[in-house]
Ligand SMILES: *Cc1c(COP(=O)(O)O)cnc(C)c1O
């Protein structure tokens, strides 16, 4: 059964080329450093983002939490936007695993204000925790990108206070496309960066954590501690290499499709598309319960083989990806019109 699945770009399927690469992957025990395919992926990934080294991790959440654990000491505080993935969608892991507390700051379209970051840095006071890390997210999960200027400003603040900066770059390739720059220029404003191979890039699983040689060396040990020491994992790394080599350029189609979807949605009376957060492959919009009830929209579209999520914080989110064509979008629009 073919579904038009707009819930997320995490629903993307591995490409035929990936399946071929998986079948033919040369593998070894990666905990011994013996897996040539993983070693190749880690080298390619590090080069892509302009860092000395990279580490293959099972998921984006794993990569972020591993970065926090590696950068910080128990009892420290990390500065992070209040609507970052690390705050909202990682099950409170940073309190449980690294034992840090989160200092959450206001954001506008996913961007923290540099002066707030500066003001949030703790001073040397017997009552206060130490600030151990600053976390950024780009592209932000709200659909917007953070400008390079803001990133640089925050990095500079971090440097002046000897506080490292971690970037949650789950969708860093989408961010680079939207900002019209190379991913290296985004990653330059952080000490470590996590990015996903699994979302828009369509690998079945896996993310990368990149940073200095020394940082990745320490992270590798903590990855083992967390149970992320995987063995013949070249099987997955092979798909990851395809993701980095074959799937980044085509993301522009997803961005175009998202804009097309947004344009068509906004023609429907009662729908308000959030245009200021339309930088990547995600469309956020509001549609009141008076137009159609949320549960009804979800159910009725499902009957037409269209999968969507319910609202989050009052907004629907539709996500474009390699499995969504322009025709699929027309089909979705047609069905929404018919329903309301
Ligand atoms: C998806 C996502 C993650 C986590 O990735 P998982 O592989 O689902 O754990 C982290 N940050 C952002 C911004 C994401 O969108």
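For the reader, a short list of remarks on this structure follows.
- Counting every other Cβ atom within 10 Å of each residue's Cβ, 161, 71, 127, 255 order from fewest to most as 127, 161, 255, 71.
- Cα gyration tensor shape of segment 85-134, rounded if a/c is under 1.5, else prolate or oblate by comparing a/b with b/c: oblate
- Shown is the FRET efficiency for residue 259 and residue 214, computed with R0 = 35 Å from the Cβ-Cβ distance and rounded to the nearest 0.05: 0.25.
- Relative packing of 323-332, 184-193, which averages over residues the other C-beta atoms within 10 Å, highest first: 184-193, 323-332
- Between residue 91 and residue 315, the contour length at 0.36 nm per residue exceeds the alpha carbon distance by 78.5 nm.
- Against the rule of thumb 2.2 N^0.38 Å, how large the Cα Rg of segment 250-339 comes out: 1.00
- Kirkwood hydrodynamic radius of segment 166-251, Cα pairs, Å: 13.7 Å
- Degrees separating the helix 213-225 axis from the principal Cα axis of the chain, which is the longest one: 70 degrees
- Label separation (residue 267 vs residue 293): 3.0 nm, computed from points 7 Å beyond Cα along the C-beta direction.
- The relative contact order of the chain comes to 25 percent, based on Cα pairs under 8 Å that sit 6 or more residues apart.
- Ratio Rg/Rh, restricted to segment 16-247 and using Cα atoms, in which Rh is the Kirkwood radius: 0.97
- Global size of segment 169-328 as Cα Rg and Dmax, reported in angstrom: 18.9, 56
- Model label zone, residue 44; criterion: amide N under 20 Å from point 7 Å along Cα-to-beta-carbon; scope segment 221-251: 230-251
- Relative to the longest principal axis of the Cα atoms of the chain, helix 234-246 runs at roughly 70 degrees.
- Approximate spin-label separation residue 152-residue 307, in nm, with each point projected 7 Å along Cα-to-Cβ: 4.2 nm
- Cα-Cα P(r), segment 1-104, percent of pairs per 5 Å interval: 2, 9, 14, 16, 16, 16, 14, 9, 4, 1, 0
- Across segment 65-107, Cα-Cα pairs more than 16 Å apart make up 26 percent of the total.
- Translational diffusion of segment 232-300, µm² s⁻¹ [Kirkwood Rh, Cα pairs; Stokes-Einstein; 25 °C; 0.890 mPa s]: 167 µm²/s
- Relative to the longest principal axis of the Cα atoms of the chain, the long axis of helix 148-160 lies at roughly 20 degrees.
FYI, it's all coordinate maths here, none of it is from the lab. This structure is a prediction, so every number in the text was calculated from the model and none was measured. Don't worry about glycine lacking a Cβ; one is built from the backbone with ideal geometry, like all the others, and counts go over all protein chains shown.
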